[in-house]
Amino acid sequence: MSINFPLLLVIAVAVCGVLALVDLVLLAPRRRSAIAAYEGQVNEPDPDVLDKLNKEPLLVEYGKSFFPVLAIVLVLRSFLVEPFQIPSGSMKPTLEVGDFILVNKFAYGIRLPVLDSKVIEVGDPQRGDVMVFRYPSDPNINYIKRVIGLPGDRVAYSSDKHLTINGKQVAETLLGEEPGTLGSAMLYKEKLSEAEHLIRKEMKRYRMEPGREWVVPQGHYFMMGDNRDNSNDSRFWNDPRIPKELLGMVPDRNIVGKAFAVWMSWPDPKLHNLPNFSRVGLIH
């Protein structure tokens with residue numbers, strides 16, 4: 001069962017805000033009136049009685065305490081930066097399992113929390129960006145892949161694992177075997193527009209029929225993982241509920257933000273190993 005954390009956060013902020021407002025408008029004036037009436041009846045007010053008369057209801061006290069903290073978290077998470085953890089190896093070697101990343105929430109426009117509707121245009125995804133988005137078949141699941149195809153692009157992936165965009169093969173340079181794979185995987189440097197990054201290809205694995213081609217509709221994006229033979233991405237998505245021409249495409253409304261940095265790595269907390277910061281840096 002997935003938890004809609006943004007919705008829960010908005011509800012928590014709203015409830016705490018209402019409690020604070022009720023106290024400000026109704027309960028606090030009553031407390032002040034009760035204190036004034038008591039002080040008018042005695043010569044020397046008892047401090048204990050004053051504390052009791054001025055005491056806030058427990059629920060109101062908690063609401064007022066949590067409201068500013070939750071409100072700041074909501075603003076930061078919804079409009080500025082949101083943390084994520086990488087759960088799979090689909091973006092190796094760029095991102096490893098257990099990497100904790102930061103996502104720029106305003107790079108592609110300011111969106112309302114929960115509703116996810118764009119209210120202010122800021123910029124559009126660029127080819128080569130690493131982007132977090134909600135999986136089209138299940139928007140409760142966040143995916144992270146690299147932007148390959150922009151609206152209007154024609155994307156093809158050949159039987160020899162070469163990527164072509166608008167009839168031009170994407171430049172790549174072989175770097176050698178991936179360490180620890182015994183020659184089963186190779187590392188390449190790929191150049192998408194002006195962006196250069198590493199990709200990984202397995203020598204004997206191919207998951208799809210060769211020669212497929214896709215045309216990216218307006219308002220949509222074509223996504224691929226850097227671990228080209230171990231990534232559930234636009235090449236493989238299949239959902240009978242989605243029109244055929246939109247299969248594999250990520251609509252603009254599903255965009256979460258641009259991944260820009262790794263701030264910590266913790267591959268397997270269950271093994272009680274400590275987090276490390278050796279992979280801290282910008283994402284390319």
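Throughout, read-outs are computed from the coordinates displayed, never taken from laboratory work. Everything numeric here is computed off the predicted structure, so don't read it as measured data. Don't worry about glycine lacking a Cβ; one is built from the backbone with ideal geometry, like all the others, and counts go over all protein chains shown.
A few notes on this one:
- Mean Cβ count within 10 Å, highest first, over the residues of peptides 31-37, 94-100, 220-226: 220-226, 94-100, 31-37
- This ranking places L150, L21 by how few other beta-carbon atoms lie within 10 Å of each, fewest first, which gives L21, L150.
- Angle of helix 28-41 to the longest C-alpha principal axis of the chain, folded into 0 to 90 degrees and rounded to 10: 20°.
- Alpha carbon convex hull of the chain, volume per residue in cubic angstrom: 186 Å³
- Residues R241, R253, R228, R111, sorted so that the one with the fewest Cβ neighbours within 10 Å comes first: R241, R253, R111, R228
- Cα-based shape type of the range 129-201, given that a ≥ b ≥ c are square roots of the gyration tensor eigenvalues and the cut on a/c is 1.5: oblate
- Violating pairs (Cα-Cα greater than 30 angstrom) within the set K105/K189; K189/K244; K161/K244; K118/K168; K105/K168: K189/K244; K118/K168; K105/K168
- Packing rank of 234-240, 12-18, 48-54, where each peptide gets the mean count of other beta carbons within 10 Å, highest leading: 12-18, 234-240, 48-54
- Inter-label distance, K168 to L8: 4.7 nm, where each label sits 7 Å from its Cα along the C-beta direction.
- Helical contribution to [θ] at 222 nm, DSSP H n ≥ 4, -39,500 (n - 2.57), averaged over the chain, rounded to 500: -6500 deg cm²/dmol
- Summary of packing: across the peptides 137-147, 77-87, the per-residue average of other C-beta atoms within 10 Å ranks them, highest first, as 137-147, 77-87.
- Of the GluC sites (Glu not before Pro) in the range 142-234, the ones in a loop by DSSP (not H, G, I, E or B) with at most 11 other beta carbons within 10 Å are E194.
- Gyration tensor verdict on the range 1-96 (Cα atoms; rounded if a/c is under 1.5, prolate if a/b is larger than b/c, oblate otherwise): prolate
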